[in-house]
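The values are calculated or read from the model by the stated rules, or taken from the named source; none is laboratory data. As the structure is a computational prediction, the values presented were derived from the model and not from experiment. Note that we place each Cβ from the backbone using ideal geometry, even for glycine, and neighbour counts take in every protein chain shown.
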Amino acid sequence: MHMAHSFENEEKIGFDEDCEINQEESDRDFMNKSYRQNRIQPCTYSAMERVTCSVRSLISSSKFTNQSSEDETHRRERNMIDSNISKYLGNITNELRSPSPLPRTAELFAVHNDDVISIRQIEETILRGDPTASEIFRDLSTFLLVSYIVGLILFLITLIKFILFIPNILRNTPARYVSRTFLLCGMYTIVAASSLTSILVPRALIFCESVSIVTFGLCSYQFFCLCVDYAGGECNFIQIADDVKVLNMRTPPCCCCLCFMHPMHINKNTFLKLRILILQLPIVLGILYFMLNVIYLEDSVLFNDINFYFMPFMGISILIGIWGLQITSRMFSPLFLEYKIMPKYLSMQLVLLICKLQPLVAQIEVAVNGSSSDEYPITRKVFGNVIVQLLILFEVICLSFWCHHLYKGPSRNGAKEKEETEST
């Protein structure tokens, strides 16, 4: 019986030693994982590991010598010792840390000649992979330098082309169309400026995208109002199209869902519904992008986690707005061919495709493959953003030339209206 009792004690001792080994291995794995995630210097965790091992050895040396006499009271005492040791380790960590740490930062500890030095290092850029402009300029590569120069040249071409086109708008466009024509032609300059800014400042990407998309939403409503002005107002258009069923709701992107709908006559009520369909576009997108910008400024890690949950709402709003624009352009275009409404609409809609679809593909690629920080600050995300924005700049130039060609000459009705206004 004494031998069986001794054998049981030996099993308990072996079990305790295995638990200590497993605990040390789990501590080391946790430190290595934290090092990989937070990019904290190895000397930090070597110091903390040394303290942890020392305390663990203290626990093992303070074990009760008589294992056979361990009872419930002894177990409670051992649990109390373990709790005190954990608090002790926590106090050591808190003392080493700064009393008022920066938000989203990590305290790094370097050990040199047995002295623990507290080093404050910003961890926010590591977590979200968006370096600052100063960090990029310090490690500027040839590719980025050439990209900056090319992007600046493309933006200047767009800006100068628009500035030179302003006198043409003022000279050839009737007064009632000038403001809306000016905004629709200047949309490409705003998009080009946003793309160039996002190349130079990667952290401004979400803000620049917000500016481009909300600008498109505002221009969409201005395009609808311009079409109504071309027709001489809603009442005049209703009279012109009184005998024609011009309202066709079977248009992209909802043509397959509403195949049972037939063309119908236009009236004040349907005009109001069309206006609401298009007007919700800048309002909804503006609210959603405002929320995303606030979340990004508050917690960039949280932004990366919930960004994709906003996309369905954006997609629904964009689909509804595009559907309203399609109905509008197809309704006005057959009756006012001289105004080239369909080409003008396409030149505007392509802005949405290049500003939203291409960055979305780049974001999905980064989300799937990850943004490697081995070459920080010039990460894969930075390279992808530069390439996409350069493509947008080149495409915006082509669209701006096309748009200016569509708006450069007055239509026959527009010329007559201008002559009448000048004569009066």
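Spot the failing condition for THR251; the list is (1) touching a residue at least 60 places away in the same chain (Cβ under 8 Å); (2) out of contact with any strand residue (DSSP E or B) (no Cβ under 9 Å at 6 or more places or on another chain); (3) part of a helix (DSSP H, G or I), and only one is missed.
THR251 satisfies all of (1) touching a residue at least 60 places away in the same chain (Cβ under 8 Å); (2) out of contact with any strand residue (DSSP E or B) (no Cβ under 9 Å at 6 or more places or on another chain); (3) part of a helix (DSSP H, G or I) except (3).
Just to check your reading of the model, which residue among TRP402, TRP323 is part of a helix (DSSP H, G or I), modelled with pLDDT of 90 or more and buried (at least 21 other Cβ atoms within 10 Å of the Cβ)? Even if it seems obvious, please write down each step before you answer.
Numbers: TRP402 fails: buried (at least 21 other Cβ atoms within 10 Å of the Cβ).
Within the list TRP402, TRP323, the selection yields TRP323.
Report yes if some residue within the stretch 218-231 is closer than 20 Å to LEU272 by Cβ and assigned to a loop (DSSP other than H, G, I, E, B); otherwise report no.
Of the stretch 218-231, the ones closer than 20 Å to LEU272 by Cβ are 218, 220-231.
Next, only the ones that are assigned to a loop (DSSP other than H, G, I, E, B) stay: 231.
Checked the stretch 218-231: at least one residue is closer than 20 Å to LEU272 by Cβ and assigned to a loop (DSSP other than H, G, I, E, B).
Going by what's in this entry, would LEU390 be described as touching a Lys or Arg at 6+ places or on another chain (Cβ under 6 Å), in the same structural domain as VAL228 (by TED's automatic domain parsing) and either at pLDDT 90 or above or crowded, with 17+ Cβ neighbours inside 10 Å (or both)?
Taking the combined requirement at face value, the residue does not satisfy it.
Please enumerate the residues belonging to the stretch 254-276 that are buried (at least 17 other Cβ atoms within 10 Å of the Cβ), assigned to a loop (DSSP other than H, G, I, E, B) and either aromatic (Phe, Trp, Tyr) or modelled with pLDDT under 80 (or both).
CYS254
Checking LEU140 against (1) buried (at least 21 other Cβ atoms within 10 Å of the Cβ); (2) assigned to a loop (DSSP other than H, G, I, E, B), only one condition comes out false. Which one?
Going through the list (1) buried (at least 21 other Cβ atoms within 10 Å of the Cβ); (2) assigned to a loop (DSSP other than H, G, I, E, B), LEU140 breaks only (1).
Tell me, yes or no, whether the stretch 294-301 has at least one residue that is buried (at least 17 other Cβ atoms within 10 Å of the Cβ), out of contact with any strand residue (DSSP E or B) (no Cβ under 8 Å at 6 or more places or on another chain), within 14 Å of TYR221 (Cβ to Cβ) and β-branched (Val, Ile, Thr).
no
Please go through the stretch 288-310 and give me each residue that is at pLDDT below 90, in a helix (DSSP H, G or I) and not hydroxyl-bearing (Ser, Thr, Tyr), ordered by number.
LEU297, GLU298, VAL301, LEU302, PHE303, ASN304, ASP305, ILE306, ASN307, PHE308 - these are the residues of the stretch 288-310 that are at pLDDT below 90, in a helix (DSSP H, G or I) and not hydroxyl-bearing (Ser, Thr, Tyr).
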